[in-house]
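*Asks:* Quick one: the structure is below, and I'll ask about it shortly.
The values are calculated or read from the model by the stated rules, or taken from the named source; none is laboratory data. Worth saying up front: this structure is predicted, and the values here are computed from it rather than measured. Positions of Cβ are generated from backbone atoms using ideal geometry, with glycine treated the same way; all protein chains shown enter the neighbour counts. These accessible areas exclude ligands, DNA and RNA; they are computed on the full protein's heavy atoms, side chains included. Shrake-Rupley method; radii C 1.70, N 1.55, O 1.52, S 1.80 Å.
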Amino acid sequence: MAESMKGLKRTHRCTEVTSADIGSTVTLMGWVQKRRNLGSLIFVDLRDRSGLMQLYFEEDIIGKEGFEKAGTLRAEFVVAVTGTVEKRSGAVNESLKTGELEIRAESLRILSESQTPPFPIDADITVKDELRLKYRYLDLRRPNIQKNLILRSKIATLTRQFLAQEGFLEIETPMLTKSTPEGARDYLVPSRVHPGSFYALPQSPQLFKQLLMVSGYDRYFQLAKCFRDEDLRADRQPEFTQIDMELSFVDVDDVIDVNERLLAFLFKECLNVDVPLPIQRMTWQEAMDRFGSDKPDLRFSMEIINVSDVVKGSGFGVFDGALENGGTVRAVCAKGLGDASSKKMKNIEKTAKDYGAKGLAYIQLKSDGTMKCPFAKFVSEELLNALVEKTGAEKGDLIVFAADKFKTVCDVLGALRLKFADELGILDKSEYRFVWITEFPLLEWSEEQGRYTAMHHPFTMPMEEDLPFIDTEPGKVRAKAYDIVLNGTELGGGSVRIHQDDIQEKMFECLGFTKEQAYERFGFLLEAFKYGVPPHAGLAYGLDRLVMLMAKEDSIRDVIAFPKVKDASCLMTNAPDVVDDKQLEELCIGIQLPQEEK
């Protein structure tokens, strides 16, 4: 039978009790982790968000009724206990913060009883994600998840503190806004007052934060909730949180400077990790050439090697064909994988094909001194030796090749490089390697749309020295854009924005927008730019990704209180769900499902 608190006040969280409190009376409240009945003694581990405290019950002290009540306790009962802090009489538990202490219980109230939970509330359990997320409110009690969310709260608090000291103002931007479909899909919200019209949930506060610069607010930030209707991965969710900022009268170096100091501050305060400043910078072109990715993991080398000059005129159709079509031939040498089995090589080839390769050319230098090379019969022995020498391969190593257009080669070898690092177990989660990636291409060609699209967004400033190419060779124009990457994950990105009318009009022209189309989509911003706009730049972090990496987790689901699963649904609430016909009628919406879904 659950009891009320009857005016009882909690004096401490479990791990707030220290040896300085020995002999004093405290009142703790929390959940029963486990109970051990030794006959004349009952031990209970009490848990709250701070950790565990051992309690013990003796009939002589708590009385017969209280002792019998203690005997009914089960896992996850919610209790309030008043007692005296003592030094442990038994063995000290070195793994617990309170391992030298225990509470001699003098009164007990059962505030709430619990059914047997569907899984133990413990950090070291193996439970299917589906079950954990269905009972997320129980999963959130687990110490490792609580530790992650406490870290997340600390990061948010410290970020606000740091940016406020740097002169930033925290300003909220709207959640219901206009759809500007240039990027991921919007989540749409129907308007009852304006039938047939829709709001969009923001993919980012981009346009509003630029308007705040027009409005003279100088330095803005926000921990902004954003929404994108896109396919999910381990580090993506349909709703996520950005640390978003914008600054006036700045250039690239100014934005990088304040953000390097922010990162160093967060890592020192939260993890006691020193981030060496300044953080390394690398151009987009260098990152792609060396690592096949614009978010390179620098915790290991295994760089991509251009062998186009070596294989030119080799007589091997795969290599020669790629070069004749303006492509490239490149390789990665994986130290220690030369003895990979046929089954493993097929798996490696599947990964290559998943990222666009038509097949996989490779050389295995086995540890017994033999060589396996499926394309050896098409090329000379001299060429094989030259490739081994060029890649620095030795006995026991594996060389893989990709021959295609530059982007495909980068995609394939960038993915294989990460796969090999995982196979070799050389990724150290305790190491934090930051890098700024700069000078991105301003535009990228979309085969699907048959036009150039903005690699970041249409308001990104081109590098001034590349402006002469914008009419004749738009693909060569670099952007004043920058991403901050940590251990192969993009933490955030930003750019200097366009603030000159003529450059903005030229940008829209490159993207295939007429002036009318540009005003239809972004008219309120372009109109505002007629009234004095300062040079400005900004950046936004994915807060969820930052916490994930700082907490050394593999998925952002473990650092978000109530995440969605891969199909963007919530297993706990069953959202999204159908709504009443009356609600649809009020919104003037009719539903027509695809035939197979009916």
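*Asks:* Picking from Val85, Leu133, Ser446, whose Cα lies most toward the positive end of the charge dipole for the chain (charges on Cβ: Lys, Arg +1; Asp, Glu -1)?
*Replies:* Of the listed residues, the answer is Val85.
*Asks:* If you take the charge dipole of the chain about its Cα centre, with +1 on Lys and Arg Cβ and -1 on Asp and Glu Cβ, which of Met550, Gly494, Tyr531 is farthest toward its positive end?
*Replies:* Farthest towards the positive end: Met550.
*Asks:* Further question: As I understand it, the value is the acute angle between the Cα axis of helix 381-391 and the longest principal axis of the Cα atoms of the chain; what does it come to in degrees, rounded to 10?
*Replies:* Relative to the chain, helix 381-391 is tipped by roughly 50 degrees.
*Asks:* Continuing with the same structure: For segment 131-285, just say rounded, prolate or oblate: build the C-alpha gyration tensor, square-root its eigenvalues into a ≥ b ≥ c, call rounded for a/c under 1.5, and beyond that prolate if a/b exceeds b/c, oblate if not.
*Replies:* oblate
*Asks:* Could you go through segment 66-72 in sequence order and give the Karplus-derived ³J(HN,Hα) for each residue, using 6.51 cos²θ - 1.76 cosθ + 1.60 with θ = phi - 60°, rounded to whole Hz, and x for Gly and Pro?
*Replies:* In residue order, the calculated couplings are x, 5, 5, 4, 4, x, 8 Hz.
*Asks:* Order 112-125, 476-489 from most to least packed using the mean count of other Cβ atoms within 10 Å.
*Replies:* Highest-to-lowest ranking by the protection proxy: 476-489, 112-125.
*Asks:* HN-Hα J couplings of segment 393-401 from phi, Karplus 6.51/-1.76/1.60, θ = phi - 60°, integer Hz, Gly and Pro as x?
*Replies:* Karplus values, whole Hz, x for Gly and Pro: 6, 10, 3, x, 9, 10, 10, 10, 10.
*Asks:* Further, regarding this structure: Relative to the Cα centre, what is the charge dipole magnitude of segment 34-163, using +1 at the beta carbon of each Lys and Arg, -1 at the beta carbon of each Asp and Glu, and rounding to the nearest 20 debye?
*Replies:* Dipole size: approximately 720 debye.
*Asks:* Moving on to the next point. Accessible area of Tyr137, 1.4 Å probe, to the nearest 10 Å²?
*Replies:* Counting only protein heavy atoms, Tyr137 exposes about 120 Å² to solvent.
*Asks:* State in Å² the accessible area per residue of segment 517-574; use a 1.4 Å probe, count heavy atoms of protein chains only, and round to the nearest integer.
*Replies:* 42 Å²
*Asks:* Now, a different point. Would you mind checking the tilt of helix 342-354 against the longest principal axis of the Cα atoms of the chain, expressed as 0 to 90 degrees and rounded to 10?
*Replies:* 70 degrees
*Asks:* Rank by packing, highest mean first: peptides 373-385, 491-503, with packing defined as the count of other Cβ atoms within 10 Å averaged across residues.
*Replies:* 491-503, 373-385
*Asks:* Additional query: Let's test the formula: R0 of 56 Å, r as the Cβ-Cβ distance of Leu8 and Thr370. What FRET efficiency results, to the nearest 0.05?
*Replies:* The pair Leu8/Thr370 has a calculated efficiency of 0.15.
*Asks:* Please give the length that would be gained between Asp354 and Ala164 if that part of the chain were fully extended, namely 0.36 nm times their separation in residues minus their C-alpha to C-alpha distance (nm, one decimal).
*Replies:* 63.8 nm
*Asks:* Something else: List the relative contact order of the chain as a percent without decimals, with contacts defined as Cα pairs under 8 Å and 6+ residues apart.
*Replies:* 13 percent
*Asks:* For segment 11-100, report the accessible area per residue in Å² (1.4 Å probe, heavy atoms, rounded to an integer).
*Replies:* 49 Å²
*Asks:* If packing is taken as the average count of other Cβ atoms within 10 Å, what order do 84-97, 218-231 fall into, highest mean first?
*Replies:* Taking the mean over residues of other Cβ atoms within 10 Å, the ranking is 218-231, 84-97.
*Asks:* Report the extension gain between Lys429 and Glu230 in nm, rounded to one decimal, defined as 0.36 nm multiplied by the number of residues separating them, less their alpha carbon distance.
*Replies:* Going from the current span to full extension adds 68.8 nm.
*Asks:* Could you state the number of Å between the C-alpha centres of segment 481-520 and segment 16-34?
*Replies:* Measuring centre to centre over Cα atoms gives 56 Å.
*Asks:* While we're on this one: Which of Cys226, Val559, Thr391 sits farthest toward the positive end of the charge dipole of the chain, with +1 on the Cβ of Lys and Arg and -1 on the Cβ of Asp and Glu?
*Replies:* My answer, from the dipole projection, is Val559.
*Asks:* Grab the Cα-Cα distance for Thr489 and Glu113, subtract it from 0.36 nm times how many residues apart they are, and report the gain in nm with one decimal.
*Replies:* Roughly 131.0 nm would be gained on extension.
*Asks:* With Cα Rg over 2.2 N^0.38 Å as the read-out, I listed [x] 1.16; [y] 0.99; [z] 1.20; which label goes with the value calculated from this structure?
*Replies:* [z]
*Asks:* Next up: Using the crude model of +1 on Lys and Arg Cβ and -1 on Asp and Glu Cβ, and no other charge, please compute the dipole size for the chain relative to its Cα centre, in debye to 20.
*Replies:* 1800 debye
*Asks:* Taking 7 Å along the Cα-to-C-beta vector as the label spot, tell me the Asp129-Asp581 distance in nanometres, rounded to one decimal.
*Replies:* In this crude spin-label approximation the distance works out to 3.8 nm.
*Asks:* Taking all protein chains as present, what is the carbon and sulfur share of the accessible area of the chain, in % to the nearest whole number, probe 1.4 Å?
*Replies:* Carbon plus sulfur share of accessible area: 49 percent.
*Asks:* Given a cut-off of under 8 Å on Cα pairs at least six residues apart, what relative contact order in percent is computed for segment 135-246?
*Replies:* 22 percent
*Asks:* So for the pair Leu384, Glu465, with labels modelled 7 Å out along Cα→Cβ, what separation do we get in nm?
*Replies:* Reported label-point gap for Leu384 and Glu465 is 4.5 nm.
*Asks:* Long-range amide H contacts for Arg451: which residues qualify at under 5 Å (H placed 1.01 Å from N, peptide plane, sequence gap of 5 or more or a different chain)?
*Replies:* Sorted by chain and number, the residues that satisfy this are Ser446.
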